[in-house]
1. Using beta carbons and a limit of 6 Å, which pairs, at least six apart or on different chains, have the first residue in the range A:90-110 and farther than 18 Å from A:P153 by Cβ and without any contact (Cβ under 8 Å) to a residue 60 or more places away in the chain and the second one among the basic types (K, R) and assigned to a loop (DSSP other than H, G, I, E, B)?
2. Right, B:T147: more than 14 Å from every other protein chain (Cβ to nearest Cβ), surrounded by fewer than 15 Cβ atoms within 10 Å (Cβ to Cβ) and in contact with a Pro (Cβ under 6 Å, 6 or more places away or on another chain) or not?
3. Where the second residue is at pLDDT 90 or above and hydroxyl-bearing (S, T, Y) and the first is more than 18 Å from A:P84 (Cα to Cα) and surrounded by fewer than 17 Cβ atoms within 10 Å (Cβ to Cβ) and lies in the range A:32-61, which pairs have Cβ atoms under 7 Å and are six or more apart or on separate chains?
4. Name the single residue, out of those in the range A:121-150 being more than 17 Å from the chain's Cα centre (by Cα) and among the aliphatic types (A, V, I, L, M), that is surrounded by the fewest Cβ atoms within 10 Å (Cβ to Cβ).
5. If you take the residues in the range B:190-217 that are within 9 Å of another protein chain (Cβ to nearest Cβ) and closer than 16 Å to A:T107 by Cβ, which one is surrounded by the most Cβ atoms within 10 Å (Cβ to Cβ)?
6. Would a scan of the range A:178-195 turn up a residue that is surrounded by fewer than 18 Cβ atoms within 10 Å (Cβ to Cβ), assigned to a strand (DSSP E or B) and out of contact with any Lys or Arg (no Cβ under 7 Å at 6 or more places or on another chain)?
7. Could you list, in sequence order, the residues of the range B:44-74 that are under 16 Å from B:L95 (Cβ atoms) and hydrophobic (A, V, I, L, M, F, W, C)?
8. Working carefully through the options B:G239, B:G165, find the one that is in contact (Cβ under 8 Å) with a residue 60 or more places away in the chain, more than 14 Å from chain A (Cβ to nearest Cβ) and over 24 Å from the mean Cα position of the chain (by Cα).
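The values are calculated or read from the model by the stated rules, or taken from the named source; none is laboratory data. Because the structure is a prediction, the values reported are computed rather than measured. Counting neighbours? That spans all protein chains shown, and the Cβs are built from the backbone with ideal geometry, glycine included.
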Amino acid sequence: MSYLVADQLRGGYGGADILNGCSLSVDKGEIAVIVGPNGAGKSTAMKALLGMLKLREGSVTLGGQDITHMSPQDRVGQGIAFVPQTHNVFGGMTVEENLEMGAFLRTDNFSETMEQVYELFPILKQKRRQNAGELSGGQRQQVAVGRAMMTQPSVLMLDEPTAGVSPIVMDELFDRILEVKKQGIAVLMVEQNAAQALNIADKGYVLVTGTNKHTGSGDELLANPVVRRTFLGG
Amino acid sequence: MPEFVDILNAIVLFSNFVLVPAISYGAQLALGALGITMVYGILRFSNFAHGDMMAFGTTMVILVTWGFQAIGIGFGPLPTALLALPFGILGAVALSLAFDKTVYKFYRTKNSAPVIFVIVSTGVMFMTNAIVRFIIGPGDQRFMDGTKFIFRPREFKEFTGLSEGLALKSTQVLTLTIAIICVAALFYFLQKTRTGKAMRAFSDNKDLALLSGINPDRVVFITWIIVAALATTAGTLYGLDKSFKPFTYFMLLLPMFAAAIVGGIGSPIGAVVGGFVIAFSEVIVTYAYKKFFMYLLPESLEPTGLMQFLSTDYKFAVSFIILVVVLLIRPTGIFKGQSI
């Protein structure tokens, strides 16, 4: 069984269900990517994993432990880190303070982790005294990922990390995410840039109206003619 | 050209009636505005009960001061009220936390809109107002003791030989000293400590703060403690400098809000600067400059009127005008607070 498993999730924000029995899983040292058309419930599925959505049915387990009814804060304490799509940095605080806030729950010395983050994102070290709100979009995403990494998570969830950044910056971000994976962290992300994301993915999920439409390794999905035609634009 | 001594006299006159009073009034407003700006930045509503919380804290300080005076405890040349201040702060903290638990928390869990919070705080304002009047009455209370002046106008005149006197009240020096200490301590807390940074993070981006594991209840709890302490300190200093009257404290709400907004609401440094901007504007436009110009202008040009822009009765209009102008021209204030 994988490290983080979501099984047969059903639920929504009241009213009709958005998730209709979707299942996801990701293991440590693995990248899983959720793709799919607008309104497919990609971000909602991620919110469900984080505990920000009330589930009617289904379960979420982390390392074999049932966390279905755990609050988002407690899940963060359990090692799930989340990078929201927007508003994902403390704009009025310096880069370094952003990272410190990421380590808020930690009682040990986190300077080593901070060095690792600076190693991963050298530009952040240069700009560490600058307010995160003054950085470019790509750099801000790096701060956001860095902040999440400060918790020393076992699972890193990213909601469209490359939304609104240039193709070059996107490639660089994906490179960094591969680095994160190599540290033995389970990475789960929702992506609009489906083809590029599936390229680095170990596992891909194509979600349509809240259910799994296609599942497979990144390469399999990229090679699948139906997936190519309907979701990847040819 | 006026003689050198006349220029000196004019400067002394100006200092005595404008500069020194405006500095101490500005420090009092700054402390009050800091409380307002912190509630706005962290709890996200305009706290109309702040002026009355000042009055409540000061009431507690006055009662304890009277108690101390009755059993003969004094603070030497300093006012006894300073000894009573910690007790007053405790009282204000207790009332703030009680209101939070019984009133604000209900709306916070419901995620109510800011405008509802404003109305709720108005209700809390009326309640606090009534509590204060029940305890101490609506009248004027003086509770200043200890040395009143550092130097009196007469002493200054004898010392310098000028015909204008300059008074320096001990409360004015105290106000400035305590305000500087409070502001420095607050800024250190917000910039350097883990809890302070967590509060800034919570104010900056609440959702992300929650995702980082920052405990919202603790942030709210500490905010009320700081705000109540600031309000009581500001109220006590104002009361020592002038006098305590519940209605006056309620009226202070306008200049304090104006100060917070001019500086940029949500920005602590803005609240401090805003406090001084409002205080100076109020004092400068309501001062009668007749004598000042008599020193500086030749006799033929001597002003016949009082040379007062606005009567002191209209001093609140000054903060109001500044408030409106700032909201029209630069809604985020001097230090780019949140736009409201």
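1. A:T94/A:R129; A:V95/A:K127; A:V95/A:R128; A:E96/A:R128
2. On the way: more than 14 Å from every other protein chain (Cβ to nearest Cβ): yes; surrounded by fewer than 15 Cβ atoms within 10 Å (Cβ to Cβ): yes; in contact with a Pro (Cβ under 6 Å, 6 or more places away or on another chain): yes.
Taking the combined requirement at face value, the residue satisfies it.
3. A:S59/A:T68
4. Looking at the filtered set, the residue picked out is A:I123.
5. B:S212
6. no
7. As a first pass, look at the range B:44-74 and keep what is under 16 Å from B:L95 (Cβ atoms): B:47-64.
The answer is B:F48, B:A49, B:M53, B:M54, B:A55, B:F56, B:M60, B:V61, B:I62, B:L63, B:V64.
8. Just one listed residue meets the conditions, B:G165.
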